[in-house]
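Below is one structure; the comments refer to it alone.
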Amino acid sequence: ERLNNDFQFVDVGRRDPAKKELSARKEEFVEIYEPMGQRQAAEQSHRCLDCGNPYCEWKCPVHNYIPNWLKLVSEGNILEAVELSHQTNSLPEVCGRVCPQDRLCEGACTLNDDFGAVTIGNTEKYITDTAFAMGWKPDLTNVTKTDKRVAVIGAGPAGLGCADVLIRNGVTPVVFDKYPEVGGLLTFGIPEFKLEKTVMSKRRELFTEMGVEFRLNTEVGKDIEFQSIIDEFDAVFLAMGTYTNMKGGFDGEDLDGVYDALPFLISNVNHNQGWEKDPSEFIDMKGKKVVVLGGGDTAMDCNRTSIRQQAKSVTCAYRRDEANMPGSVREVGNAKEEGVQFLFNRQPVEIVGDGKVEGVKLVTTKLGEPDENGRRRPEVIEGSEEVLEADIVLVAFGFQPSPAPWFENFGIKLNDWKGVIAPEQQTYKFQTSNEKIFAGGDMVRGSDLVVTAIYEGRQAAEGIMDYLDV
Ligand code: FAD
Ligand code: SF4
């Protein structure tokens, strides 16, 4: 009777799924949120006002039909909801887990300011997880197969988004990746406490059943030449991400005990999953004083991985204030709960030590005038130097593009920051300067989000199909 209540949003507050006990969270590499039950999902979905002009839908980069699937969930109609959610998103269970909803769909929810936004992300996850548990699979029986084949280089969210749209339209994608599992940074980057690895292996099985062919453990340019790929396929989609670690440019970055964020996170995943080639690859924080430099998602993942590895202390230094952190508000909150100490308005100027790290020299900053991106520039306060003791420093300053040496031979042009030029707004969306080659995701837009990579992969598939005239 409650679900007929038009004022559900007043009577029933926003309720996020419960989190696991903190003591377990500090040790375990498993997702921290408990699943939503059917009743909670229906109650929470029914809070949606079904706004005539749903801002959530516009703010969601893939433009999910959010109010429509919320209504279906409130009615208990999971099978229709899951079909609808897959019309716009290739990995809804992943986005539900890792999107920064506070900046996207939920930030735009009409209820956000006064009543608490609808739990959109968790409902999206609930729909797919529940449908999978019911044995649901994408149904491609009505698809008419064409004779076209497209090579996709990179099995991250951009590559998978592209492959999904292609196979649903009768074009056969063959996805190459140098790693042994699909997912890109979803598997070899984002830790298990945000996204368990079984989520991607399940997707690999489903995509394989749908007819997507994966050639894993295959690095293009090393294990197979790009020339042979471009000769064999009707078109190519590049979805190779951005992998050059940004440096601080100060003294001490090459001392023993200083690590880039991604190799640390990957070594942890490989260790946990039994994918290590050699046990010496594991970077162990047990008993160490760890300092993490940076304020984005990567920094939060380093913080929380170090906590779980039983570091003695974990301190995160960021050069702006908390309100200006680029990371998801939810994940910063989770990091604080788990025991990470934050030092805001602190900029590293040197890593000190004698052969080996002993500390990080920090200066205090205040926010000054906006820079070219409109973000206020941190300004150093004179005489504020201090040294923070550290055994290990993890540098999480972000990523720059890593264009392959062979791009040039195939006329793939780069912009001034070395991103591949492949605009959305042109006759064939996301086509590069070589007409047969398309590109999308982080390698085109610079390091960004899972959901924007999925969007670009899906749109590029449309561009490729227009180009192939299918
Ligand atoms: P990637 O995911 O990087 O995938 C590229 C793939 O291409 C890789 O699998 C790589 O092996 C493959 N490849 C590259 N070169 C070759 C080659 N020559 N041959 C074969 N294969 C190749 N975003 C969020 O939305 N939420 C988060 O919480 C979040 N957390 C993050 C945490 C970390 C630690 C990091 C690093 C990023 C995070 N991001 C997050 C960002 C997000 O993961 C990326 O924006 C997204 O994965 C980009 O997708 P992509 O498909 O463009 O590239
Ligand atoms: Fe929100 Fe991301 Fe889902 Fe879009 S894909 S509805 S932004 S959680």
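The values are calculated or read from the model by the stated rules, or taken from the named source; none is laboratory data. Since this is a predicted model, take the numbers as computed values, not measurements. Cβ coordinates were reconstructed from backbone atoms using ideal geometry, including for glycine residues, and neighbour counts include every protein chain displayed.
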> Which of the residues belonging to the stretch 23-64 are away from ligand 2 (no atom under 16 Å from the Cβ), outside any loop (DSSP other than H, G, I, E, B) and closer than 24 Å to L186 by Cα?
Replying inline: A24, R25
> Which strands (runs of 3 or more DSSP E) sit wholly inside the stretch 211-325 and have at least 3 residues that are under 26 Å from the mean Cα position of the chain (by Cα) and farther than 18 Å from L388 by Cβ?
Replying inline: 213-215, 235-238
> If you check G440, G446, G411, G463, which single one turns out to be surrounded by 18 or more Cβ atoms within 10 Å (Cβ to Cβ) and out of contact with any helix residue (DSSP H, G or I) (no Cβ under 7 Å at 6 or more places or on another chain)?
Replying inline: G463
> Taking the condition within 27 Å of R15 (Cβ to Cβ), outside any loop (DSSP other than H, G, I, E, B) and either within 12 Å of ligand 1 (Cβ to nearest atom) or of a type in the set (S, T, N, Q) (or both), does T208 pass?
Replying inline: no
> Would you pick out the residues in the stretch 14-70 that are under 20 Å from the mean Cα position of the chain (by Cα), farther than 30 Å from I266 by Cβ and surrounded by fewer than 17 Cβ atoms within 10 Å (Cβ to Cβ)?
Replying inline: W58, H63
>> If the requirement is being charged (D, E, K, R) and closer than 20 Å to M134 by Cα, which of these qualifies: E34, E43, E28?
In response: E34
> What single numbered condition from (1) in contact with a Phe, Trp or Tyr (Cβ under 9 Å, 6 or more places away or on another chain); (2) within 11 Å of ligand 1 (Cβ to nearest atom); (3) over 20 Å from E93 (Cβ atoms) fails to hold for L166?
Replying inline: (2)
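Among the candidates V175, V182, single out the residue that is on the phi < 0 side of the Ramachandran plot, without any contact (Cβ under 8 Å) to a residue 40 or more places away in the chain, within 11 Å of ligand 1 (Cβ to nearest atom) and among the aliphatic types (A, V, I, L, M).
V182
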>> Looking at the stretch 351-366, can you tell me whether even one residue there is more than 28 Å from D254 (Cβ to Cβ), loosely packed, with under 12 Cβ neighbours inside 10 Å and of a type in the set (D, E, K, R)?
In response: no
> What residue, among those in the stretch 105-117 that are crowded, with 24+ Cβ neighbours inside 10 Å and within 16 Å of ligand 1 (Cβ to nearest atom), is nearest to Y55 (Cα to Cα)?
Replying inline: C105
> In the stretch 32-52, how many residues are farther than 17 Å from I127 by Cα, touching a helix residue (DSSP H, G or I) at 6+ places or on another chain (Cβ under 9 Å) and of a type outside the set (V, I, T)?
Replying inline: 3
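A quick yes/no check of all residues on (1) more than 16 Å from ligand 2 (Cβ to nearest atom); (2) closer than 23 Å to V220 by Cα:
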site	(1), (2)
D391	yes, no
F399	yes, yes
A422	yes, yes
F430	yes, yes
I454	no, yes
G457	no, yes
> Got a sec? Which of V98, V73 is within 16 Å of ligand 1 (Cβ to nearest atom), over 24 Å from E462 (Cβ atoms) and of a type in the set (V, I, T)?
Replying inline: V98
>> Take F132 and tell me if it is under 19 Å from A42 (Cβ atoms) and assigned to a helix (DSSP H, G or I).
In response: yes
> Quick one: would you say S90 is within 16 Å of ligand 1 (Cβ to nearest atom) and among the hydroxyl-bearing types (S, T, Y)?
Replying inline: yes
>> Can you go through I120, I127 and tell me which one is buried (at least 24 other Cβ atoms within 10 Å of the Cβ), within 15 Å of ligand 2 (Cβ to nearest atom), aliphatic (A, V, I, L, M) and more than 18 Å from the chain's Cα centre (by Cα)?
In response: I127
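Is it fair to say R304 is surrounded by 15 or more Cβ atoms within 10 Å (Cβ to Cβ), modelled with pLDDT of 95 or more and not aliphatic (A, V, I, L, M)?
Spelling it out, R304 is indeed surrounded by 15 or more Cβ atoms within 10 Å (Cβ to Cβ), modelled with pLDDT of 95 or more and not aliphatic (A, V, I, L, M).
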> Only one of (1) under 30 Å from D466 (Cα atoms); (2) more than 16 Å from ligand 2 (Cβ to nearest atom) is not met by Y243, so which one is it?
Replying inline: (1)
> When you look at T144, is it under 26 Å from N268 (Cβ atoms) and free of Cβ contacts under 8 Å to residues at least 60 places away in the same chain, yes or no?
Replying inline: no
